[in-house]
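Here is the structure we will look at.
No value in this document is a laboratory result; all are computed from the given coordinates. In this text, all values refer to a predicted model and were calculated from it rather than measured experimentally. In this analysis, Cβ positions are derived from the backbone assuming ideal geometry, glycine residues included, and neighbour counts consider all displayed protein chains.
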Amino acid sequence: MESWLQQFIELLPDGTTYLMALFLVAIAESIPMLGLLIPGSTAVVFAGFLVLHGKCSLTLLIIAASSGALIGDLFSFWLGYYYGSKVIRLRSFQKHHHLVKRAESFFVDHGGKSIFFARFIGPIRGITPFIAGLSAMAWRPFSSYALVSSVLWGICYSGLGYLGGSSWQNVQGLSAKFGLVITILLLATIIHYWIRKNFKKN
């Protein structure tokens, strides 16, 4: 193990405190605007990388990351549903108006599927559940999409770090490839939606 990595691991908390920190980071990344400042996905990938170096277990990491992501999405939805009209007028939202409009457009175009895909798209990850709440999306379908996407996010990002555990460079390479796969799936969904919409018109 490289000396810098050993020193870094020694600085990290142990046990429940370590898992709680990752849990809170996953929650924070799902909250509107705050998520833009929190590198939650990178932290979870790196935590997966550290599993092979004796830091925590992969199962506990996945549970902490997935549950944090889910609670963050649910909180973001609740915030939008009950306080959306007030929150959206805050200065922090006004500063990132283009991201709010982007998330809003993404949600309008793709409905429930946007909740799933937004989980893997950094800039709108925390805003899309908020927009869903603001738009009064039904609770049951939202929670279903949020649950599936949060669990897959926890598994995939923790797994990326774990599978590339021989070196941090390998982890970065796998992350880039995973991002490409998500982008391709998203484009396929958009194209399918466009074809179906235009076919109905004809």
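If we count other beta carbons within 10 Å of each Cβ, what is the order of F117, F107, fewest first?
Listed from fewest to most nearby Cβ atoms, that is F117, F107.
Local charge sum around S30 (other residues, Cβ-Cβ under 15 Å, Lys/Arg +1, Asp/Glu -1)?
Here the count lands on 0.
Sorted from fewest to most neighbouring beta carbons within 10 Å, what does the list R89, R125, R102 look like?
Lowest to highest Cβ neighbour count: R89, R102, R125.
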